[in-house]
1. Please enumerate the residues belonging to the range 4-57 that are out of contact with any helix residue (DSSP H, G or I) (no Cβ under 9 Å at 6 or more places or on another chain) and among the charged types (D, E, K, R).
2. Suppose the filter is touching a residue at least 40 places away in the same chain (Cβ under 8 Å) and small (G, A, S); does A22 pass it?
3. Is there any pair with a first residue in the range 59-80 that is at positive phi and a second that is not β-branched (V, I, T) whose Cβ atoms are under 8 Å apart and which are 6 or more apart or on different chains, and what are they?
4. Could you say which residue among R53, R37, R78, R27 is among the basic types (K, R), part of a helix (DSSP H, G or I) and open to solvent by 100 Å² or more (accessible area, probe 1.4 Å)?
5. Tell me yes or no: at least one residue of the range 10-19 is free of Cβ contacts under 8 Å to residues at least 12 places away in the same chain, more than 22 Å from A76 (Cβ to Cβ) and either of a type in the set (S, T, Y) or part of a helix (DSSP H, G or I) (or both).
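The values are calculated or read from the model by the stated rules, or taken from the named source; none is laboratory data. Quick caveat, the model's predicted, so the values are computed rather than measured. Positions of Cβ are generated from backbone atoms using ideal geometry, with glycine treated the same way; all protein chains shown enter the neighbour counts. Just so you know, the surface numbers come from the protein's heavy atoms only, side chains and all, with ligands and any DNA or RNA stripped out. Shrake-Rupley method; radii C 1.70, N 1.55, O 1.52, S 1.80 Å.
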Amino acid sequence: SHIMSEYVRMTDTERDQIDQDAQIFMRTCADAIHQLRTEAHKGVQSAQVKEHRTAVLDFVEDYLKRVCKLYSEQRAIRVKRVIDKKRL
């Protein structure tokens with residue numbers, strides 16, 4: 001109930017700004033992961049360290065993908081609500 005009351009008070013402009021900021025943030029994170037992946041093996045002698053870094057970056061990238069999927073699902077719900085509202 002409290003969450004819904006906060007949702008109602010937020011304007012569409014504010015929601016659009018949050019969506020835009022979220023997309024920029026997700027893109028920035030993806031770029032950072034890509035850059036880390038490129039630099040991860042520079043100067044590393046040990047195969048174990050390389051393997052560890054690769055596994056960590058795979059985990060972080062997978063986590064970002066799951067977050068992006070949740071964001072997309074929530075945004076789709078919002079778009080559906082807007083469309084339903086316009087139909088009424």
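1. Result: E6, R9, E14, D16, D21, R27, D31, E39, K42, K50, E51.
2. It is true that A22 is touching a residue at least 40 places away in the same chain (Cβ under 8 Å) and small (G, A, S).
3. The qualifying pairs do not exist here.
4. R27
5. no
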